[in-house]
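Asker: Here's a structure for you.
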Amino acid sequence: MVDEKLHGAPQTATSFDPAAFLIVPAKRFEDLRVGDIFRAPSRTLTDAHAAAFQTVSADNHPVHYDAVWAARHGHSAPVVHGLQVLAFTAPGATLFPHYIGEVFIGFTELSCKFLKEVHSGDTLYPALEIVELSIDAPNGTVTTSVTVFNQHKELVLSGQHKYRLKLE
């Protein structure tokens, strides 16, 4: 099935505009609402994910890769890096940047709590929910609650993000 109408008339090679090739129609700051939720696709973590993050982060603590060390210190398995779990809450991991389009200025603040261990084989479900919209002209600030649940319906991470958006 072809999406014949992106913005009105069917697009042809001469009328196609890459700037108008949007995944979802962009919203302005004024269109956002407290309670809007932006989910990321679920992700099942593997040992390869943990190894790749370990390489990038240079965090070589044995709790992240040595099963014997982890067990000796009370863990059921090596623990996925907390910052890797936090990275799954990045706004770009959700549809949020697509909804706000060109009005995004920057990611300005974050906080989080790591509530439960995450291990290879866990499936994570990240989401952002708008909890506050404030205007500090000439821009606006969007505050989101951040959650990551695992396949056992346990909250493994909670926090907050703030983003600055242009007002139009």
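None of the figures in this text is laboratory data; all of them are computed from the coordinates on show. What you see is a predicted model; the values in this text were computed from it and never measured. Using ideal geometry, Cβ is built from the backbone for each residue, glycine included, and neighbour counts are taken over all protein chains shown.
Asker: Name the residue, out of Ala19, Ala67, Ala51, whose mean-square fluctuation peaks in a Gaussian network model built on the chain with Cα pairs under 10 Å.
Answerer: Looking only at Ala19, Ala67, Ala51, the biggest GNM fluctuation is shown by Ala19.
Asker: Still on this structure: At most 10 other Cβ atoms within 10 Å and a DSSP loop assignment: could you name the trypsin sites (Lys or Arg not before Pro) in segment 64-168 that fit?
Answerer: Lys153
Asker: Say we join alpha carbon atoms closer than 10 Å with springs in a Gaussian network model of the chain; which of Pro126, Pro138, Pro25 then has the biggest fluctuation?
Answerer: It is Pro138.
Asker: Please order Leu157, Leu83, Leu133 by the number of other Cβ within 10 Å, starting at the fewest.
Answerer: The most exposed by this proxy come first: Leu83, Leu133, Leu157.
Asker: What base-10 log of the normalised intensity I(q)/I(0) is obtained for the chain from the Debye formula, alpha carbons as equal point scatterers, at q = 0.10, 0.20 Å⁻¹?
Answerer: -0.50, -1.20
Asker: Once you wrap a convex hull around the alpha carbon atoms of segment 108-168, what is its projected area averaged over all directions, in nm²?
Answerer: Mean projected area for segment 108-168: 4.8 nm², to one decimal.
Asker: May I pose another question? Based only on other Cβ atoms within 10 Å, what is the fewest-to-most ordering of Ile130, Ile100?
Answerer: Ascending number of Cβ neighbours within 10 Å: Ile130, Ile100.
Asker: Given only helices, namely DSSP H runs of n ≥ 4 each adding -39500 (n - 2.57), what is the per-residue ellipticity at 222 nm of the chain, to the nearest 500 deg cm²/dmol?
Answerer: -4000 deg cm²/dmol
Asker: Let me ask something else. Treat the count of other C-beta atoms within 10 Å as a stand-in for reagent exposure and order Val103, Val85 from fewest to most.
Answerer: So the residues, fewest neighbours to most, are Val103, Val85.
Asker: List, in the order given, every pair from Lys27/Lys113; Lys113/Lys153; Lys27/Lys153 whose Cα-Cα distance in the structure shown is over 24 Å.
Answerer: Over 24 Å apart, Cα to Cα: Lys27/Lys113; Lys27/Lys153.
Asker: Among Phe21, Phe114, Phe149, which one shows the highest mean-square fluctuation when the chain is modelled as a Gaussian network with alpha-carbon springs under 10 Å?
Answerer: Taking springs between Cα atoms under 10 Å, the residue moving most is Phe21.
Asker: Out of the GluC sites (Glu not before Pro) in segment 116-158, which ones are loop residues according to DSSP with at most 13 other C-beta atoms within 10 Å?
Answerer: Glu154
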